[in-house]
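Structure first, then comments.
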Amino acid sequence: MATLNPYLSFEENASEAMKFYQSCLGGELRIMTVGESPMAASMPKEFQASVMHASLETGKIRIMASDTLGKSRLQRGNDVSLMLLCESEAELRDIFAKLSAGGTVTTPVRKEFWGALYADFADRFGVKWMLNFEK
């Protein structure tokens, strides 16, 4: 069965926020900047220090986050996504087919550079979902 995790978006302070959450909750914090990612060479210089992906894990809590990049700005509704960590490719594809029906697909199911099968979309009610399966 998939697990549900909040995925938070920040404007240029994801690292600061995640370090704060770690100081409050404890746990292991992993942060990858744009400059440390395989996309570094294709991204503008001003984004290199931005957080591509951060994950804080402690006990049964997992909070994920990133900075918004480019012209994207936070507004109510795009600051939190629901991340489902799926246990199999079949589970991911089944959930994707059901939840994305009538919605708007941003990223269709595909293999990503971090080695996972991934998709993201807004469902028919406007809720943002991210699906991930680590092979």
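The values are calculated or read from the model by the stated rules, or taken from the named source; none is laboratory data. Fair warning: this is a prediction, and the values are worked out from it, not measured in the lab. Cβ sites come from the backbone with ideal geometry, for glycine too, and all protein chains shown count toward neighbours.
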Looking only at region 119-135, how many residues end up being part of a strand (DSSP E or B) and among the acidic types (Asp, Glu)? 2
Within region 85-100, does at least one residue satisfy the condition of being buried (at least 17 other Cβ atoms within 10 Å of the Cβ) and under 26 Å from Glu11 (Cβ atoms)? yes
What's the number of the only condition in (1) exposed (fewer than 13 other Cβ atoms within 10 Å of the Cβ); (2) under 21 Å from Ala122 (Cα atoms); (3) hydroxyl-bearing (Ser, Thr, Tyr); (4) modelled with pLDDT of 90 or more that Ser42 fails to meet? (2)
Among the residues of region 4-52, which ones are in contact (Cβ under 8 Å) with a residue 40 or more places away in the chain, under 27 Å from Glu91 (Cβ atoms) and part of a strand (DSSP E or B)? Leu4, Asn5, Pro6, Tyr7, Leu8, Ser9
The condition of being out of contact with any helix residue (DSSP H, G or I) (no Cβ under 6 Å at 6 or more places or on another chain) and farther than 23 Å from Ala119 by Cα holds, among Gly59, Gly70, only for Gly59
Tell me yes or no: at least one residue of region 24-38 is under 23 Å from Phe121 (Cβ atoms), touching a His at 6+ places or on another chain (Cβ under 7 Å), among the hydroxyl-bearing types (Ser, Thr, Tyr) and not assigned by TED's automatic domain parsing to the domain that holds Phe133. no
